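Beneath this line is the structure, given in structure tokens, with notes to follow.
The values are calculated or read from the model by the stated rules, or taken from the named source; none is laboratory data. As the structure is a computational prediction, the values presented were derived from the model and not from experiment. Heads up, the Cβs are rebuilt from the backbone with ideal geometry, glycines too, and the neighbour counts pull from every protein chain shown. Just so you know, the surface numbers come from the protein's heavy atoms only, side chains and all, with ligands and any DNA or RNA stripped out. Shrake-Rupley method; radii C 1.70, N 1.55, O 1.52, S 1.80 Å.
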Amino acid sequence: MEAVPLLRSPLTDYLAERSIPYVVASRYCCRLNYGVRGKRYFTVGFPNVTGGYEIRSRFFKGCVPPKDVSLVKAEGSPADVCSVFEGFMDFLSAVALKWTEDEDSLVLNSVANVARSYKYLDGYGKIRCYLDRDEAGRRVLESLRSRYGDRITDRSNLYDGCKDLNEYLQRSIEKTINNHLKIK
């Protein structure tokens, strides 16, 4: 396996289809080149805290072990706020929307990783949750609320009507394009 910078390619075309701008993706992701049974593959890689990667392409969703959470620290001074996301597409969507500036972010990379997040989240005064609007997302929110109480804020109302933040971003961009076309 080889991790290299994410350059414009079919991978960035795939991310653009998900409304993730190249400038955002190239900052947080890399291209992973790997081989399986003599065949060469490449995918978008998003690193986690223990050296593994979440990986995505148009044809595949998985991970390179070890599976763990990803912590993205804000540039500059230490943040007292941490935003929590289920997956890295939602994190990248929040960055594209400029919803996480000056905040740390924690990506669970699986709802099964909620307990692994505690050692990172314990030190934050405010935790903003951008979780999926489904049963698994609600269970994670309740788990975090039972541990952190009123430090938790559910931000999923910002993308009401969408299953997750990436769907909201895609619909918002689609709406903007359609409105722009109507004006012309």
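List the lysines whose alpha-carbon lies under 30 Å from that of LYS175, not counting same-chain residues fewer than 8 positions away?
Counting by Cα, and skipping residues close in sequence, LYS175 has these lysines nearby: LYS61, LYS98, LYS163, LYS184.
Order the peptides 162-174, 139-151 from the highest to the lowest mean number of other Cβ atoms within 10 Å of their residues.
162-174, 139-151
What nm value, rounded to one decimal, do you get for the distance between ARG138 and TYR22 when each label is placed 7 Å out toward the C-beta?
In this crude spin-label approximation the distance works out to 4.2 nm.
Testing the spin-label approximation: label points 7 Å from Cα along Cα→Cβ at GLU2 and LYS98. State their distance in nm.
Distance between the two pseudo-spin positions: 3.8 nm.
Given points 7 Å out from each Cα along the Cα-Cβ axis, report the ARG37 to SER110 separation in nanometres with one decimal.
Distance between the two pseudo-spin positions: 2.3 nm.
In whole Hz and in residue order, list the ³J(HN,Hα) couplings for the stretch 124-129 that follow from phi through the Karplus curve 6.51 cos²θ - 1.76 cosθ + 1.60, θ = phi - 60°; x for Gly and Pro.
My calculation for the stretch 124-129 gives 9, x, 9, 10, 9, 9 Hz in order.
Packing-wise, with mean Cβ within 10 Å as the measure, how do 5-15, 49-59, 83-93 rank, highest first?
Packing order, densest peptide first, comes out as 83-93, 49-59, 5-15.
Can you give the accessible area per residue of the stretch 8-145, in Å², using a 1.4 Å probe?
Per-residue accessible area for the stretch 8-145 comes out at 49 Å².
May I ask what percent, to the nearest 5, of DSSP beta bridges between residues of the chain are antiparallel?
For the chain, the DSSP antiparallel bridge percentage is about 65.
Would you mind calculating the gained length between THR50 and SER172 on full extension (0.36 nm times residue separation, minus the Cα-Cα distance), in nm to one decimal?
Here the answer is 40.5 nm.
When the accessible area of the chain is computed with all protein chains present and a 1.4 Å probe, what percentage of it is carbon and sulfur?
The C+S portion of the solvent-accessible surface of the chain is 51 percent.
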